[in-house]
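Taking it in order: structure first as structure tokens, then the write-up.
The values are calculated or read from the model by the stated rules, or taken from the named source; none is laboratory data. Model, not experiment: these values are computed from the prediction. Using ideal geometry, Cβ is built from the backbone for each residue, glycine included, and neighbour counts are taken over all protein chains shown. With ligands, DNA and RNA removed, areas are computed over all heavy atoms of the protein, side chains included. Shrake-Rupley method; radii C 1.70, N 1.55, O 1.52, S 1.80 Å.
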Protein chains: 2
Amino acid sequence: MAKKNAFYAQSGGVTAVINASACGVIETARKHKDKIGKVYAGRNGIIGALTEELIDTTKESAKAIASLRHTPSGAFGSCRYKLKSLEANKREYERLIEIFKAHNIGYFFYNGGGDSADTCYKVSQLSEKLGYPVQAIHVPKTVDNDLPITDCCPGFGSVAKYIAVSTLEASFDVASMAKTSTKVFVVEVMGRHAGWIAAAGGLVEDHGIPVVILFPEIEFDQKKFLAKVDAMVKKHGYCSVVVSEGCHYPDGKFLAEQGTRDAFGHAQLGGAAPVVANMIKDALGYKFHWAVADYLQRAARHIASKTDVDQAYALGKAAVELAIKGQNAVMPTVDRVSDKPYKWKVGVAPLSKVANVEKFMPRDFITADGFGITAKCRSYLLPLIKGEDYPPFKDGLPQYVRLKNVAVTKKLASFKI
Amino acid sequence: MAKKNAFYAQSGGVTAVINASACGVIETARKHKDKIGKVYAGRNGIIGALTEELIDTTKESAKAIASLRHTPSGAFGSCRYKLKSLEANKREYERLIEIFKAHNIGYFFYNGGGDSADTCYKVSQLSEKLGYPVQAIHVPKTVDNDLPITDCCPGFGSVAKYIAVSTLEASFDVASMAKTSTKVFVVEVMGRHAGWIAAAGGLVEDHGIPVVILFPEIEFDQKKFLAKVDAMVKKHGYCSVVVSEGCHYPDGKFLAEQGTRDAFGHAQLGGAAPVVANMIKDALGYKFHWAVADYLQRAARHIASKTDVDQAYALGKAAVELAIKGQNAVMPTVDRVSDKPYKWKVGVAPLSKVANVEKFMPRDFITADGFGITAKCRSYLLPLIKGEDYPPFKDGLPQYVRLKNVAVTKKLASFKI
């Protein structure tokens, strides 16, 4: 049989730079046409493989593919769909292999976080077992920055930059208003389990901003927190609070879970930011403003970190190069060589060591009182937000690409997921 | 007596470009040292004049003043403090004139929205009456874009750009996730009375995004709204909703006022975005995400509109030039000359016609169904978000200036406000 095709899919929450990884995969594959045939993408992630909704990326122009580098979101669609264990989901894993066989796919590039690393690993195991070898390479992506071995995860640097820039700007605003109006500004950031994104808010301290960080790694102590905010406001006239959505009480209850009900008795979903803001108002009487960044933070390609974009692209490229070298069940990583000047290189990690491991903030990245970041954390974070990589603009708005996403003709019977 | 000094103060909510106006005032005054002495700034706005807390801007280097052009927030501090009528607040108006006399101030540049235009007008009236003539010039500033006569208000173009860019980016994100997860994204924007900022979210329609806008000018009709969202999701697979904080029911009650109480019976303050998002979930079952941009939107100097920055500077400059020409009780305006290509020039409006007039969205800027913007609105908005004017960055963060803000020696007895 001729050279094999490749399959690429995006998984889980998308980021400002996951398409830069897609760009790295596709451009690199195109440079190695002697080794790799077509790159097919899954429409809406792995679901597209199961339902045989494949996208033929060869139908996209070089310019369109290049534009992926500056386009946020998942250009082929992503999905939240976790394949369970091989035993529980054997049917779906076998279907994947059937699809790969039918379309002569020998390379599986899976671009996602912890769950997809696990799936990727399982695909490589099963394909061997079923006698249809597929080289499965995981391309890391997660704003949560919680994958092991790699120094950082593509997607994180840009969200960190967005949060640091936004906290800086909003803090300047509060400082201007504090004399007669708002004294505390609260911004809620992503990170259900790990406080990496919240930590990025701490970088504004270097710019003289009084800031209190609430990490998911530190159990929330209301009394200590209010005393900290009060001291900050008394000293500086104002302060900013960066609260992780994952911040919780010692019993595990999230701050956002307030058990509030509306006039009709419906449970009211709120964010952690308004809870924290109202807590401050009730106890200390300070006027507040609050923001919830939500998708704005992970989609903000306009203020992406150049370091992050470069790494996202490089890991996509490396994935293809690893595949060509015959590697299987691996993930390219960012290996930090030095902090100052920041130097990094691409490494490689076996998926057996990546799957199902979550990386939290080390305790020595958080100050003793639990409300700030240490110099060690700063040294870690600063290079990751360095550099700007603005997308092209036209008439005031960024020019993000939409691909044609032409479907590959189906060859198999339909499959119910 | 020798040439007069000038007094400059920032008022109300600050913006990404109010300091660009300050830059225009100070740099232009420095070029006319034969006509204007020192520029004093009020520490925390007009309060700084009442309490004689003046800042000597001559102590700032040319470089620091130039950096104001790319620094968001109010560099001298702002305040929310409205002087009432001349009858009710005569003591405070007289105090202002005393301060101006004591510091040989002949020019009053007041940088703010509707309220400060009114104050500025009153100062000019009273100063004549008291026989100490002060030329009072208002420099327009408001993200709400609700001042009359001027085609737009400095501060608005940048927040409009931020909202348009952010809505575009988040919508790309939702589109990627919609197959198995989030189908509706809701973002809440500023604008208590006027829907100009919300309208900016409508610009993403040109990029193929299905978007529903909730304006304060249109009474909220839950049934129609839910039907609209449902139709959008059924057609496109997802949609974005931009809700103005001022959106309200026919009886005037804001969407954000839900009468919710926490476990302790405290009234729970929330935003309009979570209310709208939960409403969609309850009625239609679509998974949602929501964001509240709050200060992030008006402070976002990193994505300021170049048109806006240019106009903010130009109006600060024009204010000084009008003063030198002997004008009083006026406000420089942006006069639109043409849409395509966009051309504008600086005009001038008498404060008697500016004070206490609020400019809402014209009905023909809003689509018949009340959920979108018309081509006419588009033509109005597009030039205002045009162009980028990135601040300088260092180590990943924008380099915003902090002034020394050196106090002027007091000459009068203290004054209780």
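Side notes on the structure shown:
- Every condition in (1) under 23 Å from residue B:171 (Cβ atoms); (2) in contact (Cβ under 8 Å) with a residue 12 or more places away in the chain; (3) away from chain B (no Cβ under 14 Å) holds for residue A:58 except the one numbered (1).
- Scanning the range A:76-99 for residues that are open to solvent by less than 20 Å² (accessible area, probe 1.4 Å) and closer than 20 Å to residue A:142 by Cα turns up A:76, A:77, A:78, A:79, A:83.
- Of the criteria (1) farther than 21 Å from residue A:6 by Cα; (2) in contact with a strand residue (DSSP E or B) (Cβ under 8 Å, 6 or more places away or on another chain); (3) surrounded by fewer than 23 Cβ atoms within 10 Å (Cβ to Cβ), which one residue A:133 fails: (1)
- Any helices (runs of 4 or more DSSP H) falling wholly within the range A:136-238 and containing at least 1 residues that are touching a residue at least 40 places away in the same chain (Cβ under 8 Å), more than 19 Å from residue A:387 (Cα to Cα) and away from chain B (no Cβ under 14 Å): A:196-201, A:222-236
- Scope the range A:105-133; condition hydrophobic (A, V, I, L, M, F, W, C), under 27 Å from residue A:15 (Cα atoms) and over 18 Å from the mean Cα position of the chain (by Cα); matching residues: A:105, A:108, A:123
- In the range B:399-410, the residues that are surrounded by fewer than 20 Cβ atoms within 10 Å (Cβ to Cβ), part of a loop (DSSP other than H, G, I, E, B) and more than 14 Å from chain A (Cβ to nearest Cβ): B:406, B:409, B:410
- Among the residues of the range B:358-381, those that are outside any loop (DSSP other than H, G, I, E, B) and crowded, with 18+ Cβ neighbours inside 10 Å comprise B:365, B:366, B:373, B:377, B:380, B:381.
- If the condition is being within 11 Å of another protein chain (Cβ to nearest Cβ), assigned to a loop (DSSP other than H, G, I, E, B) and of a type outside the set (Asp, Glu), then the range B:33-54 contributes B:43, B:44, B:45, B:51.
- Just so you know, in the range B:287-306 the residues that are open to solvent by 10 Å² or more (accessible area, probe 1.4 Å) and more than 19 Å from residue A:299 (Cβ to Cβ) include one that is nearest to the other protein chains (Cβ to nearest Cβ), and it is B:298.
- Identity of the residue in the range A:169-186, among the aliphatic types (A, V, I, L, M) and surrounded by 24 or more Cβ atoms within 10 Å (Cβ to Cβ), that ends up nearest to residue A:286 (Cα to Cα): A:184
Matching residues to (1) in contact with a strand residue (DSSP E or B) (Cβ under 6 Å, 6 or more places away or on another chain); (2) within 20 Å of residue A:109 (Cβ to Cβ):
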{"position": "A:332", "(1), (2)": "yes, yes"}
{"position": "A:345", "(1), (2)": "yes, no"}
{"position": "A:349", "(1), (2)": "yes, yes"}
{"position": "A:352", "(1), (2)": "no, yes"}
{"position": "A:355", "(1), (2)": "no, yes"}
{"position": "A:360", "(1), (2)": "no, no"}
{"position": "A:364", "(1), (2)": "no, no"}
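Okay, residues lined up against (1) closer than 24 Å to residue A:23 by Cβ; (2) part of a loop (DSSP other than H, G, I, E, B):
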position: A:65; (1), (2): yes, no
position: A:68; (1), (2): yes, no
position: A:73; (1), (2): yes, yes
position: A:82; (1), (2): no, yes
position: A:93; (1), (2): no, no
position: A:97; (1), (2): no, no
position: A:100; (1), (2): yes, no
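- Candidate set from the range A:1-16 (those that are outside any loop (DSSP other than H, G, I, E, B), open to solvent by less than 10 Å² (accessible area, probe 1.4 Å) and over 17 Å from residue A:80 (Cα atoms)); member that is nearest to the other protein chains (Cβ to nearest Cβ): A:7
- Hey, residue B:222 modelled with pLDDT under 95, more than 27 Å from the chain's Cα centre (by Cα) and open to solvent by 10 Å² or more (accessible area, probe 1.4 Å) or not: no
- Only one of the numbered conditions (1) free of Cβ contacts under 8 Å to residues at least 12 places away in the same chain; (2) surrounded by 24 or more Cβ atoms within 10 Å (Cβ to Cβ); (3) not aromatic (Phe, Trp, Tyr) is violated by residue B:128, and that is (2).
- In summary, residue A:396 fulfils each of the numbered conditions (1) within 30 Å of residue B:306 (Cβ to Cβ); (2) surrounded by 20 or more Cβ atoms within 10 Å (Cβ to Cβ); (3) under 24 Å from the mean Cα position of the chain (by Cα) with the single exception of condition (3).
- Selection within the range A:69-94 - facing chain B (nearest Cβ under 7 Å) and of a type in the set (D, E, K, R): A:80
- Which numbered condition residue B:384 misses (of (1) away from chain A (no Cβ under 14 Å); (2) surrounded by 13 or more Cβ atoms within 10 Å (Cβ to Cβ); (3) not polar (S, T, N, Q)): (1)
- Of all residues in the range B:232-258, those satisfying the criterion of being open to solvent by 60 Å² or more (accessible area, probe 1.4 Å) and over 27 Å from the mean Cα position of the chain (by Cα) are B:234, B:235, B:236, B:251.
- Qualifying residue in the range A:39-60 (condition: surrounded by fewer than 19 Cβ atoms within 10 Å (Cβ to Cβ), more than 26 Å from the chain's Cα centre (by Cα) and not basic (Lys, Arg)): yes
- Residue count for the range A:307-325 satisfying the condition of being among the aliphatic types (A, V, I, L, M), more than 14 Å from chain B (Cβ to nearest Cβ) and within 14 Å of residue A:71 (Cβ to Cβ): 1.
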